[in-house]
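Some notes on the structure that comes next.
What follows draws every value from the coordinates through simple rules; no lab data is involved. Since the model is a prediction, treat every value here as computed from it, not as a measurement. Counting neighbours? That spans all protein chains shown, and the Cβs are built from the backbone with ideal geometry, glycine included.
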Amino acid sequence: MESGYVRVADTSEIPIGKTKKVIVQSKEILLANVNGTYYAIGNVCTHQKGDLSMGTLEGSIVTCPKHKARFDVTSGKVVSGPKMGLFHPKIADEPVFIVKTENTDILIKL
Ligand code: FES
């Protein structure tokens, strides 16, 4: 295995359209399977720490279960901010991790 990569899951654990939370070196990471390609971004919502793995994935967009902020799992970028009545706070993008697969292993680079 190339150095810097850590095995975090098996491909069978994350079907197309699904996500999974993994914790690696005390970082919470969201793995997502978008049409057979795996992506990894931070799992903790940059707004108020919603658990993105408990949200929904549609295409490449994951929606936070708390206040519905949306992030693109391919880039970590905020697609739309939290919905809190008339408030539309600005929030930070999620960190992105490089992912690769080897056979059925999903590896990420930290
Ligand atoms: S905690 Fe995610 S949108 Fe508020």
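Does segment 33-54 hold any residues that are within 11 Å of the ligand (Cβ to nearest atom) and assigned to a strand (DSSP E or B), and which are they?
Hits for segment 33-54 are Val44, Asp51.
Based on this model, can you work out whether Ala92 counts as more than 25 Å from Glu13 (Cα to Cα), surrounded by 16 or more Cβ atoms within 10 Å (Cβ to Cβ) and either within 13 Å of the ligand (Cβ to nearest atom) or touching a residue at least 60 places away in the same chain (Cβ under 8 Å) (or both)?
no
What are the pairs, 6+ residues apart or on separate chains, where a residue within segment 42-60 that is over 14 Å from Lys77 (Cα atoms) and touching a residue at least 24 places away in the same chain (Cβ under 8 Å) has its Cβ under 6 Å from a residue that is near the ligand (Cβ under 8 Å from one of its atoms) and of a type in the set (Val, Ile, Thr)?
Short answer, once both residue conditions are applied: none.
Which of the residues belonging to segment 55-69 are more than 9 Å from the ligand (Cβ to nearest atom) and among the charged types (D, E, K, R)?
Glu58
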